[in-house]
1. Once the convex hull of the C-alpha atoms of the chain is built, how many Å³ does it hold per residue, rounded to a whole number?
2. At 0.36 nm per residue, and after removing the present C-alpha to C-alpha distance, how many nm does the segment from Val24 to Tyr54 gain when stretched out fully?
3. Given the protein chains as shown and a 1.4 Å probe, how many square angstrom of Asp20 are accessible, to the nearest 10?
4. Only loop residues by DSSP count here, and only those with at most 16 other Cβ atoms within 10 Å; note down the GluC sites (Glu not before Pro) in segment 1-92 that meet that.
5. Once you place label points 7 Å from the Cα toward the Cβ at Arg73 and Glu31, how far apart are they in nm?
6. Which semi-axes, in whole Å and largest first, does the equivalent ellipsoid of segment 35-87 have when worked out from the alpha carbon gyration tensor as the square roots of 5 times its eigenvalues?
7. Would you mind working out the magnitude of the charge dipole of the chain relative to its Cα centre, with +1 at each Lys and Arg C-beta and -1 at each Asp and Glu C-beta, to the nearest 20 Debye?
8. Per residue, how much accessible surface does segment 1-91 expose to a 1.4 Å probe? Answer in Å², no decimals.
Amino acid sequence: MVRSDLVRIIAEEYGLSREDAELVVSTVFGEIASALSDGNRVELRGFGAFSVRYRGSRRAHNPRTGRPVAVERKHVPFFKPGKRLRSRLNGRG
């Protein structure tokens, strides 16, 4: 599923225009991204939790040349699925 599919489904399910459904999707994603960039955790009960994890700098290698490459430290988004989502994916819900 891509973003436009989600917008279409929300518009059809709730009788919204595509523009209104796009506004809903943009607002939800924007607020999640904003909370993460502020260092906060976002929990959607039954679905999962988004958080930010820190990865320190490390040495890697370029697979094409085999030469070592320095990878800088960075923050990366992390998603942990909720219990209901895991159960549904494993056919138990």
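The values are calculated or read from the model by the stated rules, or taken from the named source; none is laboratory data. These figures come from a predicted structure and were not determined experimentally. Cβ: placed from backbone, ideal geometry, glycine included. Neighbour counts: every protein chain shown. Remember, those area values only see protein heavy atoms, side chains included, never the ligands or the DNA or RNA. Shrake-Rupley method; radii C 1.70, N 1.55, O 1.52, S 1.80 Å.
1. Once divided by residue count, the hull of the chain is 169 Å³.
2. Taking 0.36 nm per residue and subtracting the Cα distance, the gain is 7.8 nm.
3. The accessible area of Asp20 comes to roughly 80 Å².
4. Working: sites: Glu12, Glu13, Glu19, Glu22, Glu31, Glu43, Glu72; in loops: Glu72.
Filter output for segment 1-92: Glu72.
5. Using points 7 Å along Cα→Cβ, the separation is 3.3 nm.
6. Whole-Å semi-axes of the equivalent ellipsoid: 32, 15, 6.
7. Dipole size: approximately 1060 debye.
8. 83 Å²
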